[in-house]
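Nothing in this text is a laboratory measurement; each read-out follows from the coordinates by a stated rule. Everything numeric in this text was worked out from a predicted model, so none of it was measured. In this analysis, Cβ positions are derived from the backbone assuming ideal geometry, glycine residues included, and neighbour counts consider all displayed protein chains.
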Amino acid sequence: MNSRCMNEEFPRFEIFRDRDLVELERMVFALYREDSYGGKMSRRKIRDTVRELSLHPSKGTIIVFRIGEAVVGYAIVIYYWSNEYGGDIVSIDELFVKPPWRRKGIGTSFIEHIATTKARYLKGLQVEVTPVNERALDFYSQRGFSSSENRYLFRKLHRRAANKGI
């Protein structure tokens, strides 16, 4: 048991279920209000993510954090193979813990949960942090994450109706 959970029940990390949708939407919007540098969020984007990961679980999953029956946070994790590292990588696309539950070891417990339950399959964990989110940068740095030697570049593509395939 994580002693930082301050006498609370140990957090459970459960696969998202349809009954969690409304609470997930609230948390995603809260994350994007706190860290608005990341762009705009919409219910459609959230529901598209839920649908995509439900239909294609090999791409990733949404994890809901619970203490007792209370939903206290979530993470979206994406899986991919890295030729460079010679194995699977888990990218923590989003991680959010509700403010009253922060600094109780829940985020740390989640990272350790992923690292230990998937350890024999994984070569590493990856996270993205917006340039203005110093709190998140400090959190991840204290847990062994460091800047990659490679730079992460991104090109946004605008999908055309007739060009939906690859």
Förster radius 25 Å - calculated FRET efficiency between Arg151 and Tyr37, Cβ distance, rounded to 0.05: 0.90
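Looking at region 77-166, what % of its DSSP beta bridges pair antiparallel, to the nearest 5?
Details: 6 of 11 bridges.
The answer is about 55 percent antiparallel.
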Cα centroid separation, region 34-101 to region 136-158 (Å): 16
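Grab the Cα-Cα distance for Glu25 and Thr116, subtract it from 0.36 nm times how many residues apart they are, and report the gain in nm with one decimal.
On the way: separation 91, 0.36 × 91 = 32.76 nm, distance 2.81 nm.
Result: 29.9 nm gained on full extension.
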Rg over Rh, two decimals, region 9-141 (C-alpha only, Kirkwood Rh): 0.94
Region 91-100 - phi-based ³J(HN,Hα) in whole Hz, Karplus 6.51/-1.76/1.60, Gly and Pro as x: 9, 7, 5, 9, 9, 9, 10, 4, x, x
GNM flexibility winner over the chain from Gly60, Gly86, Gly105 (Cα, springs under 10 Å): Gly86
Highest-MSF residue in the chain out of Phe65, Phe154, Phe96 [GNM, Cα springs under 10 Å]: Phe154
